[in-house]
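*Asks:* Take this structure first; my questions come after.
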Amino acid sequence: MIWGGMTGMETLPSIAGGLAMFGQVAAVAVGLVFVQAAIAKLRHRDLFPGVLANYRLLPGSWIAPVAVVLPWAELVIGLALLAGGQPLAILPAALLLCAFAAAMAVNIARGRRQIDCGCGRSQLRQPLSWLLVARNLVLAAMLLPRLLPAPTSSALDLGLALAGGVGLFTITMLFNAIGALAASPISGPAPGPVSGALTARRR
């Protein structure tokens, strides 16, 4: 059977190539996200144990070891993703993203949105939100095509994947920045003339 001048046998490699490219783009983007987050955690290693403890999901005796191991695990996984995104790195990356999403979702459900997410931005200060949960799940899902058999990538394919991954990483960072700004105190509405006059009278 032919679809638009292309046979079914010709379509399958085309789909496989497209999925492979998509997975490579996601691997680069997630690799950069992990490396950036790991470096931020290591720079602020004195703050991270407290951020981790605020989630109230781990026994107290686990906080210090996990706070030491997690940034290095993110760094190793991130570099492995940037080095080619082999299945050995894809699965741990996807599992970590899902674990982070689950930890945030549990705390949001408990009404604890204002704790730091520990995402590695602005000294780890970014409140939880369902958008962050969705972001992690989307990034994890985008990695999965990299697990499928794929044709050999050309130098052009690798270059396009690198450019696309950097672009997706930039969009992710903008997403985080906008979310953090929206949740910050300075994003609240400025007092109008009436509320300002009332405040002045009270003083």
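The values are calculated or read from the model by the stated rules, or taken from the named source; none is laboratory data. Just so it is clear, the structure is predicted and the values come from calculations on it, not from any experiment. Neighbour counts are summed over all protein chains in view; Cβ atoms, including those assigned to glycine, are modelled from backbone coordinates with ideal geometry.
*Asks:* Looking at G164, G85, G188, which is the one that is of a type in the set (G, A, S), modelled with pLDDT under 75 and touching a helix residue (DSSP H, G or I) at 6+ places or on another chain (Cβ under 6 Å)?
*Replies:* The unique qualifying residue is G85.
*Asks:* Does the range 170-179 contain at least one residue that is modelled with pLDDT of 85 or more, within 24 Å of G118 (Cα to Cα) and part of a helix (DSSP H, G or I)?
*Replies:* Checked against the condition, which is being modelled with pLDDT of 85 or more, within 24 Å of G118 (Cα to Cα) and part of a helix (DSSP H, G or I), the range 170-179 yields at least one hit.
*Asks:* Conditions first: (1) in contact with a Lys or Arg (Cβ under 7 Å, 6 or more places away or on another chain); (2) at pLDDT below 95. P13 passes all but one, so which condition is the exception?
*Replies:* (1) is the only condition that P13 fails.
*Asks:* Something else: Going by the conditions given, is N136 modelled with pLDDT under 85 and under 18 Å from the mean Cα position of the chain (by Cα)?
*Replies:* no
*Asks:* Is there any pair linking a residue in the range 126-143 that is farther than 12 Å from D116 by Cα to one that is at pLDDT 90 or above and surrounded by fewer than 19 Cβ atoms within 10 Å (Cβ to Cβ), with Cβ under 6 Å and at least six apart or on different chains, and which?
*Replies:* These pairs meet every condition: V133/A105; A140/C98.
*Asks:* List the pairs whose first member sits in the range 42-60 and is among the polar types (S, T, N, Q), whose second member is modelled with pLDDT of 95 or more and surrounded by 14 or more Cβ atoms within 10 Å (Cβ to Cβ), and whose Cβ atoms are under 9 Å apart, counting only residues at least 6 apart or on separate chains?
*Replies:* Hits for this filter: N54/N107.
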